[in-house]
1. At 222 nm, what value in deg cm²/dmol follows for chain B if DSSP H runs of at least 4 each add -39500 (n - 2.57) and the sum is divided by all its residues, to the nearest 500?
2. Please determine, in degrees from 0 to 90 and to the nearest 10, the orientation of helix A:31-41 with respect to the longest principal axis defined by the Cα atoms of chain A, where the helix direction is its Cα long axis.
3. Taking loop as defined by DSSP and a crowding limit of 14 other beta carbons within 10 Å, which GluC sites (Glu not before Pro) in region B:83-125 fit?
4. Go ahead and set up a Gaussian network model of chain A, Cα springs under 10 Å, then flag whichever of A:Ser57, A:Ser80, A:Ser24 fluctuates most.
5. First check a/c for region A:68-111, with a ≥ b ≥ c the square roots of the eigenvalues of its C-alpha gyration tensor; if it is under 1.5, answer rounded, and if not, answer prolate when a/b is larger than b/c or oblate otherwise.
6. Of all trypsin sites (Lys or Arg not before Pro) in region B:13-120, which ones are in loop regions per DSSP and have a Cβ with at most 14 other Cβ atoms within 10 Å?
7. If the elastic network links every pair of Cα atoms under 10 Å, which of B:Val52, B:Val142, B:Val109 fluctuates the most in the Gaussian network model of chain B?
8. Which is the longest run of chain A containing none of the trypsin sites (Lys or Arg not before Pro) found in DSSP loop states (not H, G, I, E, B) with at most 16 other C-beta atoms within 10 Å?
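FYI, it's all coordinate maths here, none of it is from the lab. Fair warning: this is a prediction, and the values are worked out from it, not measured in the lab. No Cβ is skipped: glycine too gets one built from the backbone with ideal geometry, and neighbour counts run over all protein chains shown.
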Amino acid sequence: MGVLHYDFKGKLYDEWELNSTYISCARTITEDDVSRYCALSGDYNPLYTNKFFAEKSFLGERVLPGGLTFIIANGLSCQSLIFDGSYIGLLDQHMQYTHPGHVGDTVYLALTPTAMRLSKKPGRGIITYRVELYNQDDVQIMDGTWIILMATDKEHME
Amino acid sequence: MKLKDYKFKGKLFDEWEIGKEYITGARTITESDIVTFAGLSGDWSATHTNDVYGRSTIYGSRIAYGNVTFIVSTGLISQTLMFEGATSAILDFQIAYQEPVRFEDTIYVKFQAIEKRKSKSHPDQGIIKFHALVFNQKEEQVAEEELLMLVANESINI
């Protein structure tokens, strides 16, 4: 057994079932996640980095960067291994913010394939997912659509 | 001069002109950004973190995450200070990916306001739709974005 022999766990194009919902594990978003997000993106908007400003702003308190909840949603989808070695690439992502997120929220992802078609190029299919992120109170905080290029055959490294 | 004397530099709702294009500074995407992103998001997919696998994919090498392009583009936009202390929330976004971003690519953003309307329920707020294009150093378009933002029409002093 060597590096080339890992068996990827992701679901291939044909293994996805339309309108069947998969839910991910959950993750608590911490203050540290916010700092690291700002450090990586370079976006230090006072809505998430200045408490005094945020308290006077429209939402009345410091909120999570929208980009942070978005990338955590992506991470949760990967950690469930459903895309492990089966997704080829992201084509399009659309997200609507339906409720503000805060430090301390525990979020999980619900993913539902809503459309599938084979690509003209062999070995690939295109799946559209409805993607919803919920918090610990089962309040939806994001609702969106991802279009992903998926492999029809098991990827291998050789 | 005190904390409260700082004047935020973002453009208020009325100050945005439809169709006027702005350009951001540029940023080189490094391998460090990719590893930092993997750790923060929890997305350790092989396409981005396993060099042996990356070489076997249609890209021929590891590539940057689509989401790194997204969050770096929002960081570059934020660094223009045109949104500082004026945006109240992000409401919705869409990103379509046209080309992979590779390690050491340098990306920048061109953006403009394309639609605006006053909020009916909150007269001191307005909704602006921005269109953004992300380019690399070869002037290839790597992503196209639409961002819907809630923008204040009165400046906030802490």
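1. Calculated from helices alone, the mean residue ellipticity at 222 nm is -6000 deg cm²/dmol.
2. So the inclination is approximately 70 degrees.
3. Qualifying residues, ordered by number: B:Glu104.
4. Evaluated over chain A, the most mobile residue of the options is A:Ser57.
5. oblate
6. Those that pass, being in a loop and sparsely packed, are B:Lys20, B:Lys120.
7. B:Val52
8. My reading of the result: A:10-119 is the longest stretch.
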